[in-house]
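Dropping a structure here in structure tokens format, bear with me for questions.
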Amino acid sequence: MMKTLLKTIVFFLAISCISDRTSAQMFAERIEGDYVISYTLNQINQYISTMEPDLRGQALYDRLAYERFFLRGDSILVNFTITGNNELEDVARMNRQGANFHQVLDGDIYYAGFVQIDSLLRFLTRFPHTTIKMELEHVLPTNDDEGPERTNSITYETGILNPNAGSGISIAILDSDWTSYTFSMNNGLVPSAFAYYDCSSGTCILTTIPGGNTGCTTWNGCVGHGTMTAQTVFDHAPAATYRIYNTPSNSARAAAIQHAANLNVNIITCSQSGYNTGWNDNTGVICSAVNASGANGVLMFFSAGNRNGTATINGSHWQGNFNDNGSGFHRWAGTDIVNNRTTSVAPDDGFHVYIQCDNDGGIFSVYEVQIINTANNNVLANSSFTQSRFLSWTNSTSNNINVGIRLRALTPFRPQFEMWTHNEGQYQYFSTTNQTSSPGNCTSNPRLLTVAAVEQANYHQSNPSAMWYSSSGPSNNSNNSVALSGPTNTTVARFSSTGTQFTGSYGGTSAATPNIAGTAAAFWSKHSGLNATHVRNILIFKAFNYKNWGASGYDDQFGWGGTYLFSYNPANIYMHQISGNSGIAPANGVYPWYSLKDIHNMAPNNRHVIMLTHDTETVPFIISKNMFINAAGDPGTNKRIE
């Protein structure tokens, strides 16, 4: 059955993290009653006005597709009313051009049905200050488990030969907010057999998961971020063993990583970010835990975060050198000493900033960070610091307030700095590189893989775009930080507090990360002789050879490419001629072999040999058995050798 949700559209929304879910999802909880809200089209027009005219229609269509609204061909299903306008003549002219808007009593305009994207675009640009009440039909897919199909782990969980994907693999899920876990568990959406640990005190304590919900009327806030992460992993690996950790802070995540590693879990997945953990790579409590767990052979997947921005959508991270205006204040651009939040702060809402500085050889400057009212330059909150600071402010008035950030150096030495805001707005000035936070800076452990996001509907394209919000590298020490890309917007949340079942979608790098962790679990469960390094190398080399998106080789936004498995076949064996894999695999071929010669001489007959690297063997040998060769990076050379 097709599942639908009426939801208001705001095209300019951007995305940020700690829980790394999209602000489009966060926006849902602000809509009351019948999900209708009023706003001016000038806000939408900001998103498209800077684009070349011939690109605007496609940009709007892409944005609608990203938000997963009901598109049919070049049209979208809408239901809206325009109130208080005096541009009826222009509406009539648009009708003659095929817009098909309708006039009703008292001068109002309404439309219900499909409208062409181009007509909607003309409407947005023609009436930038008109107040509108709009509903768009938001359609969730018939199949809400696209993740396994997109990464091809679906071939590891269906069929007579492999009905129990994830069997034998232990997965630790680090997250917070487990609302509606009980409802999801009773409906078979998340693991029903698991151990739950609360690590909020810095010590992980075995307890009962708080998985209820009360008084919910929309999915967001009624299905917890952790619940959705668990559901996404579970889609790929329903037969795995699960350990679930409540980790609302950096110290809690560090404790959980150590606890899970001590229990010898195979995989850790976490869709949370840590800020102000230290400027350099491999600093902070999370990296200490990550790097210490390396000896346990754990494969770890962490989200890259949602802090990026584009030429038309602002981001929520800034990094660069301090640029003194002559009075001690940092100039963000030109003579501007204020970095504005792009939207005002509503009553009872807040704004915050995480900020940290490069010590540049152990010498720290003293700074003062300020949140100011941009209407009168009054300081709303401020704090001095040397290495890092978290500063927050709550709007206790009854009015919307426009705010910005100022940074002042109180001592002469002024190194570079960076700052983030988490799920509370975007910056006027922002960076498009170096956006990953901890543990994306834990570069000493090669088995930690940071995951970027690609829209699931575009995942099979030859060179798709990363999601515009997906954070990119490199790290502050110029090391690779993003390792792999995964599909997002793949999972549908379900909840019920009144007997009626509601639904909503889950996206961001928060969804991409458990998709890749679950994919790794499904694969590993069918190749049980592999270790964490083998699985990591196979995932990376497969991405590099077949979905190497972005720049050739490694790319700071996509990493090595999109994660995609070879279809499951009991005859599959892997050849990986790389340092550290110089031994000869056992006769059953469960972990990578070093050369074709070894495979020919020792592996069983009729193997499907997947070459992750080219074979540099120069000594010829006589082939006397059947082998199907899948050559790395060149599917056209696949051939059967008999």
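According to the square roots a ≥ b ≥ c of the eigenvalues of the Cα gyration tensor, what is the shape class of segment 429-539, taking rounded for a/c under 1.5, prolate for a/b larger than b/c otherwise, and oblate for the remainder? Each step should come with its number before you reach the end.
Numbers: a/c = 1.91, a/b = 1.23, b/c = 1.55.
The shape class here is oblate.
In the full protein assembly as shown, how much of L448 is accessible to a 1.4 Å probe, in Å² to the nearest 10?
20
Still on this structure: Any idea how far the Cα center of segment 510-531 sits from the one of segment 347-404, in Å?
Here the answer is 41 Å between Cα centres.
If you don't mind, another one. Relative to the present Cα-Cα distance, how much length would full extension add between V379 and A551 at 0.36 nm per residue of separation?
Working: separation 172, 0.36 × 172 = 61.92 nm, distance 4.39 nm.
That pair, V379 and A551, stretches by 57.5 nm at full extension.
So if each residue of separation counts as 0.36 nm, and I subtract the Cα-Cα distance between A195 and D324, what length gain in nm does that give? Provide the component values of the computation, followed by the final result.
Values: separation 129, 0.36 × 129 = 46.44 nm, distance 5.29 nm.
Full-extension gain reported as 41.2 nm.
How long is the gain from M602 to F566 if the chain were fully straight, where each residue apart is worth 0.36 nm and the alpha carbon distance is subtracted?
Values: separation 36, 0.36 × 36 = 12.96 nm, distance 2.27 nm.
Stretched out fully, the M602 to F566 stretch lengthens by 10.7 nm.
Mind ranking 284-293, 189-198, 465-474 by how tightly packed they are, going by the mean number of other C-beta atoms within 10 angstrom, highest first? Write down the numbers at each step before the final one.
Working: 284-293: 21.8, 189-198: 19.6, 465-474: 25.8.
Packing order, densest peptide first, comes out as 465-474, 284-293, 189-198.
Roughly what would the spin-label model give for L263 and Q416, points 7 Å off Cα along C-beta, in nm?
The answer from the label model is 4.0 nm.
Another one. For labels at N402 and N186 in the simple 7 Å Cα→Cβ model, what's the distance in nm?
Result: 5.0 nm between the two label points.
Oh, and also: Under unit Cβ charges (Lys, Arg +1; Asp, Glu -1), what dipole magnitude, rounded to 20 debye, does segment 204-362 have relative to its Cα centre? Mind showing how you got there, number by number?
Working: 5 positive and 8 negative charges, 70 e Å.
Result for segment 204-362 is approximately 340 debye, rounded to the nearest 20.
For segment 363-449, rounded, prolate or oblate, judged on the Cα gyration tensor with a ≥ b ≥ c (square roots of eigenvalues), a/c < 1.5 rounded, else prolate if a/b > b/c? All intermediate terms of the calculation are to be shown ahead of the outcome.
Values: a/c = 2.51, a/b = 1.47, b/c = 1.71.
Oblate.
Could I ask something else about it? I need the peptides 401-413, 255-267 ranked by packing, meaning the mean over residues of other C-beta atoms within 10 angstrom, with the highest value on top. The partial results should precede the final answer.
Values: 401-413: 17.8, 255-267: 22.2.
Descending packing order for the listed peptides: 255-267, 401-413.
Could you compute the net charge surrounding R389? Neighbours are other residues with a C-beta less than 15 Å from the C-beta of R389; K and R count +1, D and E count -1. Don't skip to the end; give the middle numbers.
On the way: positive: R406, R408; negative: D358, E368, E418.
My count for the surroundings of R389 gives -1.
To the nearest 10 square angstrom, how much accessible area does S478 have with a 1.4 angstrom probe?
Roll a 1.4 Å probe over it and S478 shows about 90 Å².
Once you place label points 7 Å from the Cα toward the Cβ at T335 and A292, how far apart are they in nm?
Here the answer is 5.3 nm between the modelled labels.
Here's another thing I want to ask about it. How high is the relative contact order of segment 419-557, in percent, with contacts defined as C-alpha pairs under 8 Å that are six or more residues apart?
Values: 184 pairs, mean separation 34.4, N = 139.
That works out to 25 percent.
The values are calculated or read from the model by the stated rules, or taken from the named source; none is laboratory data. Everything numeric here is computed off the predicted structure, so don't read it as measured data. No Cβ is skipped: glycine too gets one built from the backbone with ideal geometry, and neighbour counts run over all protein chains shown. These accessible areas exclude ligands, DNA and RNA; they are computed on the full protein's heavy atoms, side chains included. Shrake-Rupley method; radii C 1.70, N 1.55, O 1.52, S 1.80 Å.
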